[in-house]
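The values are calculated or read from the model by the stated rules, or taken from the named source; none is laboratory data. Remember, it's a predicted structure, so these values are computed and weren't measured experimentally. Cβ atoms come from the backbone with ideal geometry, glycine included; neighbour counts cover every protein chain shown. Note: areas computed on protein heavy atoms with side chains; ligands, DNA, RNA excluded. Shrake-Rupley method; radii C 1.70, N 1.55, O 1.52, S 1.80 Å.
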Amino acid sequence: MASLTIEQLQPKLVAQFAQIIARGQMAHGYLLAGAQGLGKTQLAQWLALRLFCQQVTPDGQPCRTCPECQRILTHNHPDVIEIKPEGKSIKIADIRYLKQEVAKSGMESSQRLFIIEAAETLTASAANSLLKFLEEPAQNVYAILCTSNKNQMLPTILSRLQVIDLAALVPQMVQQQFEAAGILPQQAQLLVHLTSDLTEAQTLLADDWLLQVSAKLAAWAQKIEQRDLEAFVQIQTQILPLLVDRQQQKTFLTLVGLWYQDLLNYRYELGVTPCFGAYESQLNQASAALTTTQLVAQTEYALQAQRIFEQNISCQNVLESLTLKLIA
């Protein structure tokens with residue numbers, strides 16, 4: 001199945017930008033901020049299409065069929081410059097190239113647009129070079145920066161741009177997309193709490209990784225419920241070997257938080273679709289065995305563990321500390 005269109009992902013923003021462009025009120029620079037899967041790069045491309053389209057529809061949408069649109073869709077338009085990280089970062093050489101290209105007069109029109117993906121990966125020198133460029137914007141040159149973490153960007157760059165925070169997607173919409181792509185319903189229910197991006201969801205499912213860590217999490221949680229110290233052994237022998245990098249470790253701690261969220265949902269019969277539907281029986285039994293005070297405290301411990309991990313504490317230390325708190 002094809003990914004959702006930008007009109008489906010961000011209908012309000014598309015409508016707003018259609019009006020802005022129609023009125024000739026386009027700002028010189030925007031920062032599109034939001035998690036993966038919300039449509040940042042698709043919106044940036046839509047803006048390019050709308051600015052250059054030769055046959056705009058009556059409702060202000062690009063036609064996507066004219067020669068201008070087709071070249072943008074195939075990344076071959078000479079007046080649309082796209083920059084993305086080569087490796088882990090965007091380097092000063094990339095910004096120098098960008099400035100050289102933008103300094104040229106429009107190849108085929110009076111306007112130029114540049115798009116920078118993953119702008120949070122700009123090196124310090126690249127960011128400073130870009131800042132000088134943004135401080136003195138050329139006429140009819142538009143900048144669109146995309147980021148998954150605007151907090152990692154220079155405040156001075158943020159101050160030169162209009163920051164647009166993309167709205168979160170409706171979970172049901174994301175789940176439908178996942179299921180239409182062949183993901184099983186119970187897996188889709190869990191994945192919508194981890195990502196709204198289909199590609200990332202499929203990566204989490206690769207080699208049955210999500211299935212394996214979910215099973216290890218359920219087994220570890222059962223030992224916690226039994227106040228069994230073997231839970232510490234499981235961390236070292238069964239869980240950590242599956243978490244090969246910080247991103248996987250972060251995802252696992254998120255899953256722990258979702259497990260305790262499910263416990264709360266089952267306890268109070270909130271009618272919320274469970275994250276771990278495959279473990280409904282275990283979750284029901286565990287939630288019934290805990291007092292309200294214990295359940296609230298354990299949920300808070302799980303959330304604290306995520307915050308502690310973000311302070312660059314090792315995953316093993318975080319999980320062992322969490323286990324100790326949960327068993328006590």
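Quick notes on this structure:
- Criterion violated by Thr273 - all others in (1) within 21 Å of Leu205 (Cβ to Cβ); (2) polar (S, T, N, Q); (3) assigned to a helix (DSSP H, G or I) satisfied: (3)
- Within segment 34-44, the set of residues being over 15 Å from Thr195 (Cβ atoms) and either touching a Ser or Thr at 6+ places or on another chain (Cβ under 9 Å) or open to solvent by 50 Å² or more (accessible area, probe 1.4 Å) (or both) comprises Thr41, Gln42.
- Checked against (1) open to solvent by 30 Å² or more (accessible area, probe 1.4 Å); (2) under 21 Å from the mean Cα position of the chain (by Cα); (3) not aliphatic (A, V, I, L, M), Asp208 passes all but a single condition, namely (2).
- Residue within segment 184-205 that is in a loop (DSSP other than H, G, I, E, B) and more than 21 Å from the chain's Cα centre (by Cα) present: yes
- All positions within segment 221-249 that are surrounded by 15 or more Cβ atoms within 10 Å (Cβ to Cβ), in a helix (DSSP H, G or I) and in contact (Cβ under 8 Å) with a residue 60 or more places away in the chain: Ala221, Gln222, Ile224, Glu225, Ala231, Phe232, Ile235, Ile239, Leu240, Gln249
- In the set Ile90, Ile72, only one residue is closer than 17 Å to Ala118 by Cα, under 26 Å from the mean Cα position of the chain (by Cα) and surrounded by 19 or more Cβ atoms within 10 Å (Cβ to Cβ); that residue is Ile90.
- Qualifying residue in segment 74-91 (condition: touching a Leu at 6+ places or on another chain (Cβ under 9 Å) and more than 18 Å from Thr41 (Cα to Cα)): yes
- Pair list, Cβ < 6 Å and 6+ apart or interchain, from segment 35-52 residues that are within 13 Å of Arg112 (Cα to Cα) to residues that are part of a helix (DSSP H, G or I): Ala48/Ile72; Leu49/Cys69; Leu49/Ile72; Arg50/Ile21; Phe52/Glu68
- Any hit, segment 50-57, residues being at negative phi, touching a strand residue (DSSP E or B) at 6+ places or on another chain (Cβ under 9 Å) and crowded, with 16+ Cβ neighbours inside 10 Å: yes
- Close pairs from segment 309-325: first more than 18 Å from Gln294 (Cα to Cα) and of a type in the set (Gly, Ala, Ser), partner surrounded by 13 or more Cβ atoms within 10 Å (Cβ to Cβ) and at pLDDT 95 or above, Cβ under 9 Å, at least 6 apart: Ser314/Gln249
- Count of segment 278-302 residues which are exposed (fewer than 15 other Cβ atoms within 10 Å of the Cβ) and under 18 Å from Phe252 (Cα atoms): 1
- Pairing each residue of segment 120-149 that is without any contact (Cβ under 8 Å) to a residue 60 or more places away in the chain and of a type in the set (D, E, K, R) with any residue that is open to solvent by less than 40 Å² (accessible area, probe 1.4 Å) and not in a strand (DSSP E or B), provided the two are 6+ apart or on different chains, yields C-beta distances under 8 Å for Glu120/Met153.
- Only one entry of Gln16, Gln8 meets the criterion of being polar (S, T, N, Q), open to solvent by 60 Å² or more (accessible area, probe 1.4 Å), assigned to a helix (DSSP H, G or I) and more than 21 Å from Leu158 (Cβ to Cβ), and that entry is Gln8.
- Residue selection: Asn265 fails the criterion of being free of Cβ contacts under 8 Å to residues at least 40 places away in the same chain, in a helix (DSSP H, G or I) and open to solvent by 30 Å² or more (accessible area, probe 1.4 Å).
- Qualifying residue in segment 163-179 (condition: surrounded by 13 or more Cβ atoms within 10 Å (Cβ to Cβ), touching a strand residue (DSSP E or B) at 6+ places or on another chain (Cβ under 6 Å), among the hydrophobic types (A, V, I, L, M, F, W, C) and in contact (Cβ under 8 Å) with a residue 12 or more places away in the chain): yes
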